[in-house]
Amino acid sequence: MGMNVCVIGAGYVGLTTSAVLASQGHNVQCVEKDQEKVERLKSGHVPIYEPGLDAMVQSNVNNKQLIFVPEMREAVKQSEIIFIAVGTPSLEDGRTNLRYIEQVLQELATIITSYKVIVSKSTVPIGTNEWMEKKLLQEGLKQGQFDLISNPEFLREGTAIADMLSPDKIVLGVKDASNVSLMKQLYHFSPAPYIITSFNGAELIKYASNAFLAVKISFMNEMALLSEHFDINVQDISEGLKTDPRIGPLFLQAGLGYGGSCLPKDVSSLIKQGEEVGYVPQLVETAQRVNEQMVEVYIDKIKQILVDPKHKKVAVWGASFKPNTDDTRHSRAIQLIKRLVELKSHVQVYDPVVKLEWNEVTEYNDLYQAVHGVDLLIVATEWEEFTKADWNLVKEKMDGSMIIDARNVLKCSDLEKYELQLVGIGRG
Ligand code: UDX
């Protein structure tokens, strides 16, 4: 049986949540303040690049399982479950800006007159759900009129729909467990195990998860840097680690480091939260430091190849923070491009979906045009298009023969036959 659900916020998490729940038979009203965005969404236009999301939004709008509205009042009144999925951006000092959540709570308190389950999806610092509950009471709601559930999201950009349809766990932070069955009814399509914990526990699971991934990546980057000193191929080290189920097969890829809207933000937020309570998580802090040095590691490699990068032509393939997304937030590729611009290289950029529109770089719509006349090519993001490139054509177009594989995804054997030289990190 479809449930009536209201999702507040049509950002990345809100839109994916809305589309997936609608596709699974729930009646979803997604509330978005930005009227123009609502109009575009109504006509099926999704403002973010996420494989499959466009089609899913469109078909559910067409069959009326999903509607977009600019006001929350009616949507809240008609729904039994209300998701809060508004943005929680970082403030300049690294703390989290909870203003949008606060505004939603104030508005909800003026609307709710009958029992509602309020589910908070946004990634928020430890203690926020406790504060949210108090805030709703202060704003005039009564005990028993609502229950708050913290249900953090673990979506990866590029695979958000699959991640939401088949999560590896469903985390619920609750005050009492009586609403778990309602959430199971909502997520009827998923056989994932439920992790039931406190508000604070759910909040820390989310930070711990992203921080652990950051530690894993930075650990492999340290192994890669060590490997360089011993003439070892770090890929062999990854292979040697990934068969151990205690370590796991993923996130062992050395390279430029982690970027995106989540890992960097959540890592600094966790460190900040630690500082505030008097315990700084040292492994996490070091992972951040290692990550921050990686762009400079590649700049050193570039300097070794070009001697002086000034006025040299350099192609960079990839600008998004990872493949299959147009998101450039905290993109390591962009950091690298910025450094090259500072060093006065002539940078020629190609990305399958991102357009930087900067005066300082030349952008191309074709990966082969982008390497025309360059002394060096840098593969900064592991889009499949790059790993499957026609290296013969690349060699023909380039002036030089050096390729820096800043994601360790290319095969030496593919390039060697065209007399291209590959420089990775810790590749022996
Ligand atoms: C991440 C979490 O994976 C997700 O669970 C959470 O909800 C949001 O944050 P996302 O930001 O989409 O998801 O990116 P992710 O796939 O985790 O990649 C993060 C960064 O790590 C990317 O820049 C990627 O290139 C880098 N990475 C990943 C590596 O450098 N090496 C690896 O082995 C894996």
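Here residue 415 passes the criteria (1) under 19 Å from residue 352 (Cα atoms); (2) of a type outside the set (Phe, Trp, Tyr); (3) in contact with a strand residue (DSSP E or B) (Cβ under 6 Å, 6 or more places away or on another chain) except the one numbered (1). When residues in region 54-68 are screened for being of a type in the set (A, V, I, L, M, F, W, C) and either assigned to a loop (DSSP other than H, G, I, E, B) or surrounded by fewer than 16 Cβ atoms within 10 Å (Cβ to Cβ) (or both), 1 of them pass. For the subset of region 150-192 comprising residues that are free of Cβ contacts under 8 Å to residues at least 60 places away in the same chain and of a type in the set (Asp, Glu), which member is surrounded by the fewest Cβ atoms within 10 Å (Cβ to Cβ)? Ranking the candidates gives 176 first.
Could you tell me whether residue 377 is of a type in the set (A, V, I, L, M, F, W, C) and away from the ligand (no atom under 16 Å from the Cβ)? Spelling it out, residue 377 is indeed of a type in the set (A, V, I, L, M, F, W, C) and away from the ligand (no atom under 16 Å from the Cβ). Checking each residue in region 330-351 for being of a type in the set (Gly, Ala, Ser) and within 11 Å of the ligand (Cβ to nearest atom) picks out 331, 333. For region 128-179, the set of residues classified as within 20 Å of residue 210 (Cβ to Cβ) and of a type in the set (Ser, Thr, Tyr) consists of 128, 150, 159, 166, listed by residue number.
When the residues of region 292-314 are filtered to those that are more than 10 Å from residue 345 (Cβ to Cβ) and among the hydrophobic types (A, V, I, L, M, F, W, C), the one that is surrounded by the most Cβ atoms within 10 Å (Cβ to Cβ) is 294.
The listed residues are 102, 71, 80, 92, and the only one of them that is on the phi < 0 side of the Ramachandran plot, modelled with pLDDT under 95 and surrounded by fewer than 17 Cβ atoms within 10 Å (Cβ to Cβ) turns out to be 92. Inside region 21-73, residues that are among the β-branched types (Val, Ile, Thr) and under 24 Å from residue 328 (Cβ atoms) make up a count of 3. Exactly one residue out of 308, 327 is out of contact with any Leu (no Cβ under 6 Å at 6 or more places or on another chain), without any contact (Cβ under 8 Å) to a residue 24 or more places away in the chain and in a loop (DSSP other than H, G, I, E, B): that is 308. Can you give me the ranges of the helices (runs of 4 or more DSSP H) entirely in region 331-428 with at least 3 residues that are crowded, with 20+ Cβ neighbours inside 10 Å? Result: 332-342. Taken over region 12-35, residues that are crowded, with 23+ Cβ neighbours inside 10 Å, part of a helix (DSSP H, G or I) and of a type outside the set (A, V, I, L, M, F, W, C) amount to 4.
From the set of residues in region 66-111 that are under 28 Å from the mean Cα position of the chain (by Cα) and of a type in the set (Gly, Ala, Ser), which is farthest from residue 266 (Cα to Cα)? That would be 85.
Residues in region 313-327 that are within 11 Å of the ligand (Cβ to nearest atom), of a type in the set (Val, Ile, Thr) and at pLDDT 95 or above: 0 in all. If only residues of region 269-280 that are of a type outside the set (A, V, I, L, M) and in a helix (DSSP H, G or I) are counted, the one that is nearest to the chain's Cα centre (by Cα) is 269. Of the residues in region 112-120, at least one is within 20 Å of the chain's Cα centre (by Cα) and over 30 Å from residue 355 (Cβ atoms).
Only residues that are closer than 23 Å to residue 158 by Cβ and in contact (Cβ under 8 Å) with a residue 60 or more places away in the chain were counted in region 36-72, giving 7.
The values are calculated or read from the model by the stated rules, or taken from the named source; none is laboratory data. Please read these numbers as outputs of a predicted model, since none were measured by experiment. Here Cβ is always computed from backbone atoms with ideal geometry, including for glycine, and neighbour counts include all displayed protein chains.
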